[in-house]
Amino acid sequence: MKVWPLRFHPIESGLLFADDAGGWFRSDEAFLSRYASDRLTDEDLRFLKERGHAFEREGDLGHTAFAWRWTARLASARPLSYLMLVPTLRCNQSCDYCQVSRAAENATGYDWTDETLAQVLAFLDRLETDEIKIEFQGGEPTLRLDLLKAVRDFCRGRFTSAQFVLCTNLQDVSAAVWDFLASDDTFLSTSIDGPAATQTRQRTKSSDATRRFFENLETAVQRLGADRISALPTIDVRDPPAFEDLVSTYEKFGIGSIYLRPTNHQGFARKQSQADSGLTAWNRYHAGFVDYIIERNARAGRSVEEFYFSLCLRRVLRAGIDQHVNIRNPNLFAADYAVIDFDGTIYPADEARMLARIGWVDLAVGHVQTGIDQEKVDLLNGSSLNSFDPDCIHCAYQPFCGTDVVDDLSRYGRVDLPRHTTWFCRRHMAVFDKVFELIFRDDDATRASLARWSGIEAWPTAMAPVHT
Amino acid sequence: MTHLLDVAIDIPEAMRGYIDAAITRVGYVQVRWVISRVENRIVVRSTADASESDIRREVLYAVYREKILSETMDMRRALLETVTRR
């Protein structure tokens, strides 16, 4: 019998073992010693075979199934079908951490021209996909509602299925904007950093503007329904909102999925302190928040999730969770997702757009007029796979993890640093440590939340395999 | 005065072929350790806060990982050939 390579990693309750296809179990030092010394017992081999970590001969069911699972763990290239469009860089707000390096509301030269709009529509027309998702970003995109309507009208006629997300600060919402949002194919996304004091300090700068924001959000809930609204907080870990203040603010508007994001170090946030030492504090805050909502969910009888934790949990439990551009393997550039800036330049990610704005590195991969520069995309994609990275190949979390070349370039100016020293790796080691801590935690409250976040009815014991 | 800790780890015979690779790996990960080979032992001098048991564990883990990586490389190559075969 042949055993697929097993990586191992110390966790709170023992040693986690994982194979290249993302199969895993918990065991101990004694098993590791037997495995490393080629002294596996019959019981070990029986367990490994039953769990899909071993096979008898190449081509048998165990071997073929493993090959399938390994392949399923890889993010496949899909046609470009999700576009972030930035029709204007102008904004009517001045958030401290704004990563888009906005332009003033009355500035000129920061909007799509008529020619750019025509080129964007022509670019959309050339796409191979039948389904499209458009996310309108900025600046404040509602400052150019005319451009949003033009794109939406075109997409509705061109594609079999079209969905739109309007990312807005909900400061000045005209009747025309409410009309735009009234359609069932259009969703709203906004930023709620916490209760009023936090929102004022970080975003609006005035209590009147904050009051207007929450009033507009309340109106949005009434008009659209909570199901068509999403919101994200940006957390300054040096002065974060209390967990309950944050959760209750979101719950008040019927939003039960909270995607915690640290202040991003690009754009204006780069000017603020963003040393890697902040990562320790961030990991602690995030883990504390997850523990908090587990206890709260059990106490309150309602389910709140932290979006990114749930995403990573689902990536551990199964393959195919590859839609989030910040964590997948390989993380192919300009494949299914791209960003089109106010000047028609195409970027592989919003962070790449910011790096260009601050003059750090040009990661543009084309222009709507000329299309995508495949040669440049291929060059960037050379670093997008973690499967055979000399560090990741030893890591038990590799099948669940990914790469973020843009983040590495942003922070370090290079992509070949030892993985364990990068923000991306250290962040995800902490998240996956937390995932497995909870998977092997033996209490009803944790199991109930894990089940809800995984999308299953109940959390059976078999979800936490142990071999002794 | 800097605290120095010297730890000598005996490597089992079946794993001695991986000592050099493990030393390279540990030296890359634990940049504040001074690591050397003395016959069939790995010797670590550490000025960091790691305990003797931590050092011993990290070194043995590195040896295990290099052994596993080397001895399963053909399996990984064969898997790639399987899934990329037309």
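Details
- Of the residues in region B:35-47, at least one is in contact with an Asp or Glu (Cβ under 6 Å, 6 or more places away or on another chain), more than 9 Å from chain A (Cβ to nearest Cβ) and more than 24 Å from A:Glu29 (Cβ to Cβ).
- Enumeration of residues in region B:9-42 that are exposed (fewer than 15 other Cβ atoms within 10 Å of the Cβ) and touching a strand residue (DSSP E or B) at 6+ places or on another chain (Cβ under 8 Å): B:Asp10, B:Asp20, B:Arg32, B:Val34, B:Ser36, B:Arg37, B:Val38, B:Asn40
- Residue in region A:185-200 that is in a loop (DSSP other than H, G, I, E, B), among the charged types (D, E, K, R) and touching a Pro at 6+ places or on another chain (Cβ under 7 Å) present: yes
- Against the test of being at pLDDT 95 or above, crowded, with 17+ Cβ neighbours inside 10 Å and within 14 Å of chain B (Cβ to nearest Cβ), the options A:Trp70, A:Trp24, A:Trp112 yield a single qualifying residue, A:Trp70.
- One residue alone among A:Ala77, A:Ala65, A:Ala54 is surrounded by fewer than 15 Cβ atoms within 10 Å (Cβ to Cβ) and in contact (Cβ under 8 Å) with a residue 40 or more places away in the chain, and that residue is A:Ala77.
- Exactly one residue out of A:Arg51, A:Arg78, A:Arg57 is among the charged types (D, E, K, R) and either touching a helix residue (DSSP H, G or I) at 6+ places or on another chain (Cβ under 8 Å) or farther than 30 Å from A:Thr403 by Cβ (or both): that is A:Arg57.
- Region A:1-14: number of residues that are in a strand (DSSP E or B) and either buried (at least 21 other Cβ atoms within 10 Å of the Cβ) or more than 10 Å from every other protein chain (Cβ to nearest Cβ) (or both): 5
- Given (1) aliphatic (A, V, I, L, M); (2) closer than 24 Å to A:Ser387 by Cα; (3) not in a loop (DSSP other than H, G, I, E, B), index of the condition A:Leu80 fails: (3)
- Test result for A:Ser94, closer than 30 Å to A:Phe136 by Cα and under 33 Å from the mean Cα position of the chain (by Cα): yes
- Close pairs from region A:426-449: first without any contact (Cβ under 8 Å) to a residue 12 or more places away in the chain, partner aliphatic (A, V, I, L, M), Cβ under 8 Å, at least 6 apart: none
- The single condition from (1) within 10 Å of chain A (Cβ to nearest Cβ); (2) touching a Lys or Arg at 6+ places or on another chain (Cβ under 8 Å) that B:Leu5 fails is (1).
- Between A:Arg447, A:Arg427, the distinction of being of a type outside the set (S, T, N, Q) and either in a loop (DSSP other than H, G, I, E, B) or over 24 Å from A:Pro330 (Cβ atoms) (or both) belongs to A:Arg447 only.
- Residue within region A:398-414 that is part of a loop (DSSP other than H, G, I, E, B) and surrounded by fewer than 20 Cβ atoms within 10 Å (Cβ to Cβ) present: yes
So that you can scan it fast, the table gives a plain yes or no per residue for (1) buried (at least 17 other Cβ atoms within 10 Å of the Cβ); (2) basic (Lys, Arg):
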position: A:Arg419; (1), (2): yes, yes
position: A:Phe424; (1), (2): yes, no
position: A:Phe432; (1), (2): yes, no
position: A:Glu437; (1), (2): no, no
position: A:Asp442; (1), (2): no, no
position: A:Thr446; (1), (2): yes, no
position: A:Trp459; (1), (2): yes, no
position: A:Ala462; (1), (2): no, no
position: A:Thr468; (1), (2): no, no
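- Single residue of B:Arg16, B:Arg65, B:Arg76 found to be at the interface with another protein chain (Cβ under 9 Å from one of its Cβ atoms), within 12 Å of the chain's Cα centre (by Cα) and assigned to a helix (DSSP H, G or I): B:Arg65
- Only listed residue being part of a helix (DSSP H, G or I) and closer than 23 Å to A:Tyr337 by Cβ, chosen from A:Val177, A:Val165, A:Val120: A:Val120
- The residues listed here are A:Glu43, A:Glu29, A:Glu12; of these, the one that is more than 34 Å from the chain's Cα centre (by Cα), acidic (Asp, Glu) and over 20 Å from B:Met15 (Cα atoms) is A:Glu43.
- Test for A:Gly301: is it on the phi > 0 side of the Ramachandran plot, modelled with pLDDT under 95 and surrounded by fewer than 19 Cβ atoms within 10 Å (Cβ to Cβ): yes
- Looking across region A:377-397, the residues that are surrounded by fewer than 21 Cβ atoms within 10 Å (Cβ to Cβ) and either of a type in the set (Gly, Ala, Ser) or closer than 20 Å to A:Pro262 by Cβ (or both) come down to A:Gly382, A:Ser383, A:Ser387.
- The residues of region A:73-109 that are out of contact with any Phe, Trp or Tyr (no Cβ under 7 Å at 6 or more places or on another chain), among the hydrophobic types (A, V, I, L, M, F, W, C) and away from chain B (no Cβ under 14 Å), listed by number, are A:Ala75, A:Ala77, A:Leu80, A:Leu83, A:Met84, A:Cys91, A:Cys95, A:Val100, A:Ala104, A:Ala107.
- Positions within region A:86-101 being of a type in the set (Ser, Thr, Tyr) and either surrounded by fewer than 20 Cβ atoms within 10 Å (Cβ to Cβ) or modelled with pLDDT of 90 or more (or both), in sequence order: A:Thr88, A:Ser94, A:Ser101
- Residues (in a loop (DSSP other than H, G, I, E, B), touching a helix residue (DSSP H, G or I) at 6+ places or on another chain (Cβ under 8 Å) and either away from chain B (no Cβ under 12 Å) or hydrophobic (A, V, I, L, M, F, W, C) (or both)) located in region A:27-48: A:Leu40, A:Thr41
- Members of region A:117-142 that are buried (at least 21 other Cβ atoms within 10 Å of the Cβ) and closer than 17 Å to A:Arg90 by Cβ: A:Phe136, A:Gln137, A:Gly138, A:Gly139, A:Glu140, A:Pro141, A:Thr142
- Filtered by the rule that a residue be in contact (Cβ under 8 Å) with a residue 40 or more places away in the chain and basic (Lys, Arg), region A:356-404 gives a lone residue, A:Arg357.
- Per the listing A:Ala352, A:Ala338, A:Ala334, the residue uniquely under 29 Å from A:Val316 (Cα atoms), under 22 Å from the mean Cα position of the chain (by Cα) and part of a strand (DSSP E or B) is A:Ala338.
The values are calculated or read from the model by the stated rules, or taken from the named source; none is laboratory data. If you're wondering where the values come from, they're calculated on a predicted model, not measured in any experiment. Reconstructed Cβ throughout: ideal geometry from the backbone, glycine too, with neighbour counts over all protein chains shown.
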